[in-house]
Structures are given as structure tokens and as C-alpha cells.
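The values are calculated or read from the model by the stated rules, or taken from the named source; none is laboratory data. Fair warning: this is a prediction, and the values are worked out from it, not measured in the lab. FYI the Cβ positions are ideal-geometry reconstructions off the backbone, even for glycines, and counts take in every protein chain you see. The protein model used for the area step is the full one, side chains on, heavy atoms only, and it has no ligands, DNA or RNA in it. Shrake-Rupley method; radii C 1.70, N 1.55, O 1.52, S 1.80 Å.
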Amino acid sequence: MPREFALPGTQPRYAPDRPFDVQHYGLDLDLDVESKSFSGTCTIRMAPVSPDQTFVELDAVELDILRVHEGNEDRNFSHDGKTLRVYFSEALVAGSSVELSIEYAAIPRRGLYFVGPDKNYPNKPSQVWTQGQDEDSRYWFPCFDSPNFKATSEVKVRVPKKWFALSNGSLIADTTEGNTRYMHWRFDVPHSCYLMTLAAGEFTCHRERWEDIEILYYSEPDRADDCLRTLAKTPEMIAAFSELFGVRYPYKKYAQVFVADFIFGGMENTTATSLTDGVLVDQRASLDFDMESLVCHELAHQWFGDLLTCRDWGEGWLNEGFATYSEYLWREHSEGTDAAALVLAQFSEAYFAEDSSRYRRSIVTKRYDDPLDIFDRHLYDKAGRVVHMIRRVLGDADFFASVQHYLEHHRGDVVETRDLARAIDRACGRNLDWFFDQWLLEGSGHPELRMKTQWHESEHVLEVVIEQIHEITKTTPVFRLPTELRLVEAGVSRDIAVDLRERSHVLTIACESEPTQVILDPGKHLICQLRSEKPPALWVSQLAEADGAIDRIAAARICGQQGGHKMEQALAKSLASDPFWAVRAAAAKALGETRSPAAVSLLIATLRDAKHPRVRKAAACALGNLRGNAEASDALVATIENGDESYFVEAECCASLGKIRSPEALSTLTAALERESFMDIIQQKCCEGLGALGNSEGLPVLLAQSKLGKPGFSRRAAMRALAVLGKDGGDQQVRTIREHLTELLRDPDFRVQLQAVASLESLGDAAACSALSAVVEEGFDNRLKRRSREAVRTLREGTKQSEEVAKLRDESEQLRQQVASLRNRISVMETNRKQERESRSRVAQPPANPRPSSRPTPQRRRGGGKKTLR
């Protein structure tokens, strides 16, 4: 049963009171790059919402407050390191306003980050950048640090002469004096302070336009080509979203800047998105990879999150759910529905993993300790799928009309879930209260469905039983699921509307002939886990002929699981001829599940000869199922040594070589670790392969790869691999790994610290609890503290894999290999029997003028009986 999200002691959190209407923030900053400190003045203009205010409280964490004044008059203040209280000379009256100037300095640990070369990473660029979400703006300027306060802003900053500084809005001034460059940015549209930004460094700029909107791309000069390649579709995205949302891009400019060591993939600062430079796509990576999902996600936030902002973080799905769904909208626009369906499938996989392994919660919640606790797969991936289901329930016309009304009516404001529900009601007259309660406000989890089909030949009736088989709880109920059942009869398709509301739903459908396809929820639009129990012939037909590629992919997986000669033939045909690469890739992976000799040969040929790199990658992945197979090992080693035009094919071969526990794995993967690649993907997969070897030979390599000085992506991959390796090791190996990961809890890279927590949890050694508890007690970052609490809970629940379980896992692997062998033998026997029957049938054919026979033909009678039974 899924765990509860809220940890013991968690109290509800609500939007704070709003005693003042904040109108404007003005920052004037001096950056001291060498000392990694800054000083400056924050000027805040505000008006009391209610009269008789005698003081104001601002969020100001770890800031050294030097002076507060109003005009030329100093104001008394107190500061406890977190909250700055400023006292007015007299109570403020309604309709008045006040402008406070706060002089301060800081050596920041959060909010504003100084990045530069050091002994471990001497080639790292010198940069300064900020990150305000969720509530980190308080670490770099005094503010009302909650999304329900909106104000205009300006940033004045002095940086080294060769640097460029980017902020929100329009550039007002840019001058140089001596070795200092002064830049002044101003943004005249109110926005929440977590969206204020500063990014400074030696950047080159590329300029584009969409209509009258200025589009700017910033990166280090030597990555200019990669920057342009990564962001090239931005103008088209702005045009597409402006049309789809019914509201034109709302600002005068859109800038994107790549910075080093960014703690997220991207951040949607108003008019000036920050992106990690780790996602800059080089020429080789662009062959079969792009960052369009990240780019369009951050762009969509300019509408959902910036123009409209969630009132409090518990309503954050209104920001993230729509931005996530925009990834689907972009793929649908640019590549079609088949490619877009893959995006939805990825959302589901990510959410299901979190639901099963970590916790289950309602998407809208007030029960969290720190806002970033809820920036999870529920808030992004599940919420994105919920938006898609709203579209399916309403239909395209009403959905997009509702989105337009929602954006126009609440433009510049803060919003709650009920505002979206009311916008739908006003735009198209639909009441979706039941839907919002079930999927957003009260409900959690998702339906688990089982469909059974039975054809009644004598009555020409198809019986379909659909059951909701998940455990029913107060928050995971029997779901109401409007969907379709697709039947194909004699090549003609029809969709039957089905509104599932009961635990069990029985359909009796009259048909002219037995359907060749029966598909519940064609296109996979529902958030559900579906198990369809239907005859093999229906799966084979679905794989070959279903309209939606996502349905053919689902059929490929079942064919691989069921195995047998007919299923393998169907998969081989799909691999050879399906028009969509993802179906061919799914067929390759499914063939790997069968483990038959014929499948092995076909996969090796596919790895060598397939034109689409993602299909070759799938073949490489499938070969990873063939533990101990010498042919697979030779093919993987050859590809690694000879290389592939795709980073990702080469990388997948490295992972699979370790998974099959090839004798060549250690030397081959150790050598491949030296190869540079996009996002260190080859190094990452080498680490994965070394972890899968299941012995201590790879331990020294992984320990070294996870240390400071190695690339960040591969360090974290090595840590994941260490946890896997530890599960198969003895006590001493587990201890060595645990002690190493415990040391990394204090690593200077926050992302490494998070991975250390996750790897210790995965390792399953309860001896790590004391170190993780220390992080909870002494840690600085609330995200790290939350993840550590979860890990301690897991370890104390005793989830460590015992030696007996590991033994059972190995026995299960042996059984799978034996089953694959038996399937192959059965296929051969079936083929032989078929040939024998055909031969006997030819021998038994009577002559043109037959003579009377004195004996019966029992074989014919037995054959006829079998046919009747079928």
C-alpha cells in the first residue's frame, strides 16, 4: 500500500496574510566575485491594505541589514536572521504608500550563487546567477517571499567589465567605467518575487524575433553553436502557444540564458529563463535527441506561472501541470499525435514510479513542510496528465476556449484551482466539480483496471468485463472514467463511449463478426494501469494494425511477455516494417524478453543495420536481457569499440554489456569511461553496466568515478551503480559503499548530496540511519532534510533485500532462461508438427477416380474435432 506523503508532525500551510500591497522592488547591487559576496540596497514601495499599520515584516534570511531609511530618515528595525521588522514613524492610513530603502550585505548560501573554477574543476566558468523558487529570494533581497504578492521590479548591478548581466524586462542603461560594467533592467508588469532574476558572466548573445517580440539566447562564447541548436525552435513555440492558448505571448521580450551548475533543469523567470548548461545539445547528440520539452516547458510558464501565478504553493499544479502538458501540446503540434502520446506515456511512468516507491498524495495539498517538497511527479507529471484528461472530457473546442477565458479573466493575478473550474463553467457551461474532487482536491492515486473479453460465436456477441481492481480507500475510490472501447470488425473501426462508474462494468455488444481488435482507452488517455486479458490473436492484430502507435507499443510489450512462435513472428514483422520508430523500438525490446535464438540473431542484426538510432538503441537495450550470451557480448563489444554515430546507442551498449555480465565488461567499460559525451551519457551508462556486473571488480572504478573532479552526471550515475552493486555484495562491500556514500552527504554539490541520500536508501543498509538522521537535524536545505527523513523511514521499515531474496532473484532469472528455452523448443515442435500435418494431408488426398476404401480415416476425424473445439 502506498505511503502517506505527509510526514509525522507536518502541519497545513496556507498563503500568508497580505497586510501590504507591494508595488515595486528596486535592487541596486555590487557583486564581489572574488570574495563571493555582494552588497546593495533594496527599495520597496508598498501600500497598506488595511489602515493603522505601525510596522512591516519582510523575509530576509542570512542578510546583514546595515540600515533602513524612508527618504532621508532612518527607521528603527529588528532582524532575527530570518525576519526583518521595520517600524514606521507613525501609523499608516488607508490610501497612503511608503517607500523603504534597505541597505544590506551577504555571503549567500542560497538564492544567489557564485560559480567559478576551483582545484577540482579548473575549467568551470565564473558566473553569478539567482534562483528564487520556491522561497529563496529572501536569501538575496528583503521581500514578501510568497507567490500571492506581485510587484514591478528593477535591477541595477555592477559587474566585471567583460561580463554581461541579464534580468527581467527591458535594458534601461548599459555603461562601462574602468573595470566595471553597470547595467540597469526594469520590468513594468507585476510579478511574484520568486521570478526576479539576475544572471551574470561572460556570455555571447544571439538575437531572433517573432513578430515584434525580441528573442535572445545567451551562452558562453564557445557554446554559441550548441546554444542556437538547442533553442532554435523557440520562435515557432511562441507562435504555437500564442495560438493554442488564445492569448498572445504577454511580454516584450523572451530571453534564455545557460548557466553553469544550475540546480534545476530550468527556471521560468519572467521574460528571462535560466537553463542549465548541461543540456546544451551538440551536433552528435542532435542526431537522436533534443531539449524541446524543457525549452517549451519553461516558455509555457510565461503564461502559466508568470502571467497567472498560483496563490500558494499547494496550488502549484496550476503552474506546473499546464507547463508540463504544454510539452505534449508542442509535440502534438510539431510531430503529431503518435509522438505526443509518447510524452504522455513518459508522464505516467514517472508518476507511477513515485506513487509505488515513495508516497501517494492529492495533487492539491496544504500539508507539507517545505514548498519544494511538493515539486514532485504528482505536481508535474500526474498533473500534466490531468490537464489532458480535462481536454478529453471537454473536447478540444471547449477546452481551449476555457483556457483562453482562464488566462484572460485572471491575467496578472494569482489563482486557485476553483478559478480554473469557474473558467470552464463560464466558457462552456460544464460543471467538472466531480472531476476536480476526484483527481485534484480530494482524491489520490489512480485506477487499476482489468479488462476481460469473450466472444460468443453462436450469438455473435462480444462480452467485455471491465473491473476496477485497486484497493478502495477514502481517497482512492471507485473512479468515474469516461472513456471509449474500440472494436474493429472486418477492417471497420468503431468507438463505443463508456462511462465507468462501478467496481465492475459488463458490456454485451452485438457484432456482425468476431472483432479483430478490442482496445479499452485507445490512445492511452486515462491515468490508469490497465491489464487486458484477451486472446493472443487480438494482440497480434493490435500490434499489426492498431491506428495509434501507442496501442501498437502496448501490444508489442504483451507479445514479448507471452512469447511463442506466433508472437515472435508478429514482433519481427513489426520491427521490420512498422512506420513509426517507437513501435519498432518496442518490438525490439519485446523480442529481448523472449530470449529465443531467433530473437537474438534479429536483435544483433538490428543493432548493426537499423537506420533509426533509437531503434538501434532499443536493440542494444534488449540484448541486455541475455545474461551469459556470447553472441550478444560480441555484438555489444564490437559496437562499443567501433563506435556508433549516436552517443545513446554506444551508451546503451555499455549498460547492456554489464547487465549480461560479459567477461569483457570490466575492461571495455573502464576504457569507455574516458569518452566525453553529451550529459556524460556514455560515462553514465558505463557506471550502470559496472553496477550490474554483480561482483566486486567494478567497485574501485565506481568509487573513483563518484569523487570530486569527475563530471557531475557521471558522479551521480556511479553513486546509483554503487547502490546496485552493494545489493549483490557481502557485508564488507556494503560497508565500504555505505561509508563512501555517507561521506558524499557533505559534498559541495547539492545534487550529489541528494543522490547520496537516494543511494543509501536504495542500498538498504540500516546502519546509514544515523548519518541520515544527522542531515535531518543539522542540514541546511529542506529538500535534503525531507529526502533524508524518507530514507530513514524506508530503512527502519526493513526494506533491505536479504540474501534469501537475492537468491530467489537469481533463481527467478534461471527460471526465466529455462522458460525461454522451453518456448523455443515448443515453437520448433509446433513447426515440425505443422509440416507433418501438411505432409500427411498431401499424402491423404484421394485420386481423381477414387476406389472405395475398406478402412476409416481416424486422423481426419480427430483433426475435425480439434477444429470444432477451437
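What number do you get for segment 207-343 when its Cα radius of gyration is normalised by 2.2 N^0.38 Å, N = residues? Mind showing how you got there, number by number?
Details: Rg = 14.5 Å, N = 137, 2.2 N^0.38 = 14.3 Å.
Compactness ratio reported: 1.01.
Need the full-extension length gain, MET1 to ARG85, defined as separation in residues times 0.36 nm minus the C-alpha distance. One decimal, nm. All intermediate terms of the calculation are to be shown ahead of the outcome.
Details: separation 84, 0.36 × 84 = 30.24 nm, distance 4.68 nm.
Contour length minus Cα-Cα distance gives 25.6 nm.
Under 4 °C and 1.567 mPa s, how fast does segment 677-772 diffuse according to Stokes-Einstein, given a Kirkwood radius computed over C-alpha pairs? Answer in µm²/s, whole number. Mind dumping the intermediate values first?
Working: Rh = 12.8 Å.
Translational diffusion coefficient: 101 µm²/s.
If you consider only alpha-carbon coordinates, what radius of gyration and Dmax does segment 480-632 have, in Å?
That works out to 16.9, 53 Å for Rg and Dmax.
Based on DSSP H runs of at least 4 residues, each adding -39500 (n - 2.57), what is the mean residue ellipticity at 222 nm of the chain after dividing by all its residues, to the nearest 500 deg cm²/dmol?
Working: 27 runs with 361 residues, N = 870.
Taken over the chain, the calculation gives -13000 deg cm²/dmol.
Compute the semi-axes of the equivalent ellipsoid of segment 61-177, taking the square root of 5 times each eigenvalue of the Cα gyration tensor, and list them largest first in whole Å.
Working: eigenvalues 191, 65, 44 Å².
Over the Cα atoms of segment 61-177, the ellipsoid semi-axes are 31, 18, 15 Å.
Report, as a whole number in µm² per second, the diffusion coefficient that Stokes-Einstein gives for segment 351-392 at 4 °C and 1.567 mPa s using the Kirkwood radius over alpha carbon pairs.
So the translational diffusion coefficient is about 118 µm²/s.
To one decimal place, what orientation-averaged projected area in nm² is obtained for the convex hull of the Cα set of segment 611-664? Please list the in-between numbers first.
Numbers: hull surface 12.4 nm².
Spelled out: convex hull of the Cα atoms, projected over all directions, averaged, 3.1 nm².
Give me the angle, in degrees from 0 to 90, between the Cα long axis of helix 769-778 and the longest principal axis of the Cα atoms of the chain, rounded to the nearest 10.
That helix lies at roughly 30 degrees to the long axis.
Roll a 1.4 Å probe over the protein heavy atoms and report the accessible area of HIS410 in Å², nearest 10.
The accessible area comes out at roughly 20 Å².
Quick check on segment 517-564: what are the equivalent-ellipsoid semi-axes from the Cα gyration tensor, as sqrt(5λ), descending, whole Å?
16, 12, 10
Using only alpha carbons, build the gyration tensor for segment 94-146 and give me the equivalent ellipsoid semi-axes, biggest first, whole Å.
On the way: eigenvalues 217, 28, 13 Å².
Value: 33, 12, 8 Å, ordered largest first.
What percentages make up the Cα-Cα pair-distance distribution of segment 1-57 when the bins are 5 Å wide from 0?
For segment 1-57, the binned pair fractions read 4, 12, 13, 11, 11, 10, 11, 14, 8, 4, 1 percent.
By per-residue mean of other Cβ atoms within 10 Å, what is the highest-first order of 26-34, 201-209?
Working: 26-34: 17.8, 201-209: 15.8.
Sorting 26-34, 201-209 by mean packing, highest first, produces 26-34, 201-209.
Each label point is 7 Å from the Cα along the Cα-to-Cβ direction; what then is the distance between the points at ALA497 and GLU676, in nm?
Rounded to a tenth, the inter-label distance reads 5.9 nm.
Please state the Cα pair-distance histogram of segment 452-496 with 5 angstrom bins from zero: what percent is in each bin?
5, 14, 18, 22, 14, 11, 9, 5, 2
Just the ratio, please: alpha-carbon radius of gyration of the chain over 2.2 N^0.38 Å, N its number of residues. The partial results should precede the final answer.
On the way: Rg = 30.8 Å, N = 870, 2.2 N^0.38 = 28.8 Å.
Here the answer is 1.07, to two decimals.
Report D for segment 408-475 in µm² per second (integer): Stokes-Einstein, Kirkwood Rh on Cα pairs, 37 °C, 0.692 mPa s. All intermediate terms of the calculation are to be shown ahead of the outcome.
On the way: Rh = 15.8 Å.
Translational diffusion coefficient: 208 µm²/s.
Can you give me the distance in nm between label points at THR43 and LYS707, each placed 7 Å from the Cα along the Cα-to-Cβ direction?
Each label point is offset 7 Å from its Cα along the Cβ direction, giving 5.3 nm.
How do VAL583, VAL461 rank by accessible surface area computed with a 1.4 Å probe, from largest to smallest?
Working: VAL583 0, VAL461 20 Å².
Final ranking, largest accessible area leading: VAL461, VAL583.
Quick one: order TYR121, TYR14, TYR139 from most to least accessible surface, probe 1.4 Å. List each step's numbers first, then the result.
Working: TYR121 55, TYR14 160, TYR139 30 Å².
The ordering from most to least exposed comes out as TYR14, TYR121, TYR139.
For a paramagnetic label modelled at 7 Å from the Cα of ARG661 toward its Cβ, which residues of segment 702-730 fall within the zone defined by backbone nitrogen distances under 15 Å?
725-730
Kindly report, to the nearest 10 Å², the accessible surface of THR473 as traced by a 1.4 Å probe over protein heavy atoms only.
Accessible area of THR473: about 40 Å².
Taking a cut-off of 17 Å between Cα atoms, list the lysines near LYS233, but don't count ones fewer than 8 places away on the same chain.
By straight Cα distance, LYS233 reaches LYS253.
Step through the table entries LYS589/LYS611; LYS659/LYS710; LYS659/LYS685; LYS659/LYS707; LYS119/LYS685, compare each Cα-Cα distance with 18 Å, and write down the pairs that go over it. Numbers along the way, then the final one.
Working: LYS589/LYS611 16 Å; LYS659/LYS710 24 Å; LYS659/LYS685 11 Å; LYS659/LYS707 24 Å; LYS119/LYS685 27 Å.
Flagged as over cut-off: LYS659/LYS710; LYS659/LYS707; LYS119/LYS685.
Once both axes come from the Cα atoms, what is the angle between helix 630-642 and the longest principal axis of the chain, in degrees from 0 to 90, rounded to 10?
It is inclined by approximately 40 degrees.
Could you work out the local net charge near LEU29, counting Lys and Arg as +1, Asp and Glu as -1, over the other residues with Cβ closer than 12 Å to its Cβ? Could the numbers behind the result be given before it?
Numbers: positive: LYS156, ARG158; negative: ASP28, ASP30, ASP32, GLU103, GLU154.
After counting each charged neighbour, the total is -3.
Percent antiparallel among DSSP beta bridges with both residues in the chain, to the nearest 5?
Details: 104 of 130 bridges.
The answer is about 80 percent antiparallel.
Could you give P(r) for segment 119-172, binned at 5 Å from zero, as whole percent values over all Cα-Cα pairs?
4, 13, 20, 21, 18, 12, 7, 4, 1
If you average over every viewing direction, what projected area does the convex hull of the Cα atoms of segment 266-350 give, in nm²? Mind dumping the intermediate values first?
Working: hull surface 25.9 nm².
The directionally averaged projection comes out at 6.5 nm².
Apply the Karplus parameterisation 6.51 cos²θ - 1.76 cosθ + 1.60, with θ equal to phi minus 60°, to every residue of segment 750-761 and state each ³J(HN,Hα) to the nearest whole Hz, in sequence, with x for glycine and proline.
Whole-Hz 3J(HN,Hα) from phi for segment 750-761: 4, 5, 5, 4, 4, 5, 4, 4, 4, 6, 5, 5.
What do you get for Rg/Rh over segment 148-222 if you use C-alpha atoms and the Kirkwood form of Rh? Could the numbers behind the result be given before it?
Numbers: Rg = 13.5 Å, Rh = 13.5 Å.
With Rh from the inverse mean 1/r over Cα pairs, Rg/Rh is 1.00.
Running Debye on segment 9-122 with equal point scatterers at the Cα sites and no solvent, what base-10 log of I(q)/I(0) appears at q = 0.11, 0.21 Å⁻¹?
Once normalised to I(0) and log-transformed, intensities are -0.46, -1.20.
Length gain on complete extension for the stretch GLU533 to GLN569, per 0.36 nm per residue less the alpha carbon to alpha carbon distance?
Numbers: separation 36, 0.36 × 36 = 12.96 nm, distance 2.06 nm.
So the chain would gain 10.9 nm between GLU533 and GLN569.
At q = 0.10, 0.12 Å⁻¹, work out log10 I(q)/I(0) for segment 369-493 with the Debye formula, treating every Cα as an identical point scatterer and leaving solvent out; two decimals please.
-0.47, -0.64
Apply the Debye scattering formula to segment 590-707, with a single equal point scatterer on each alpha-carbon and no solvent, then give log10 I(q)/I(0) at q = 0.16, 0.18, 0.19 Å⁻¹.
Treating every Cα as an identical point scatterer, log10 I(q)/I(0) equals -0.64, -0.81, -0.89.
How much FRET efficiency would the formula 1/(1 + (r/R0)^6) give for THR175 and ASP52, where r is the Cβ-Cβ distance and R0 is 41 Å, rounded to 0.05?
0.40
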